[in-house]
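One structure below.
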Amino acid sequence: MKHKNLIANSFNENEKKINEKKLLSEYNWDSMTKISLITAINKKYKKNIDYRKFNNLKTFEDLDKLISKTLK
């Protein structure tokens, strides 16, 4: 996962607990986590992630891929 650190920080979790196959629903994937992730991406990369695509995500791998697509 390319953006493991960013994801772990947004979820307020240790990087070691973030596994690409784990389900987002097993973690605190709520509105505050989403806002934290959107803010972190905007602050670090000056890019805006399409939050509407969050509804289609199931795993951390899906989230990592969405972030990668956003940063291209």
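Read-outs throughout are calculated quantities, based only on the coordinates presented, and are distinct from any laboratory measurement. From a predicted model like this one, the values you see are computed outputs, not experimental measurements. We place every Cβ from the backbone using ideal geometry, glycine too, and count neighbours over all the protein chains shown.
Neighbours of E13 by Cβ distance under 12 Å: Lys/Arg scored +1, Asp/Glu scored -1, total +2. Our coupling estimate for segment 62-72, obtained by passing each phi through the Karplus curve with A = 6.51, B = -1.76, C = 1.60 and θ = phi - 60°, is 4, 5, 4, 5, 4, 4, 4, 5, 5, 7, 6 Hz, Gly and Pro reported as x.
Please build a GNM for the chain, connecting alpha carbons under 10 Å apart, and tell me which residue among N55, N42, N28 fluctuates the most. Of the options given, N55 has the highest mean-square fluctuation.
With each label modelled as a point 7 angstrom along the Cα→C-beta vector, the S36-E61 pair spans 2.4 nm.
In µm²/s, what is D for the chain at 37 °C and 0.692 mPa s, where D = kT/(6 pi eta Rh) by Stokes-Einstein and Rh is the Kirkwood radius from Cα pairs? Mind showing how you got there, number by number?
Numbers: Rh = 12.0 Å.
Calculated translational D: 274 µm²/s.
Close amide-amide hydrogen proximity is noted between T59 and L24, each under 5 Å apart and 5 or more residues distant or on a separate chain (H modeled in the peptide plane; Pro and chain starts excluded).
Shown here for segment 1-43: trypsin sites (Lys or Arg not before Pro) in loop regions (DSSP other than H, G, I, E, B) with at most 10 other Cβ atoms within 10 Å, namely K21.
Report the full-extension gain for the segment K53 to N5: residue separation times 0.36 nm, less the Cα-Cα distance, to one decimal in nm.
On the way: separation 48, 0.36 × 48 = 17.28 nm, distance 2.06 nm.
So the chain would gain 15.2 nm between K53 and N5.
At a Förster distance of 22 Å, what's the computed FRET efficiency of K43 paired with K17, Cβ-Cβ distance as r, to 0.05?
Numbers: r = 23 Å, r/R0 = 1.05.
With R0 = 22 Å, the Cβ-Cβ based efficiency is 0.45.
Among N14, N56, N48, the largest mean-square fluctuation in a Gaussian network model of the chain, built with springs joining Cα atoms closer than 10 Å, belongs to N56. Rounded to the nearest whole Hz, the Karplus-based 3J(HN,Hα) values (6.51 cos²θ - 1.76 cosθ + 1.60, θ = phi - 60°) of segment 10-17 follow the sequence 5, 8, 6, 10, 6, 3, 5, 7, with x at glycine and proline.
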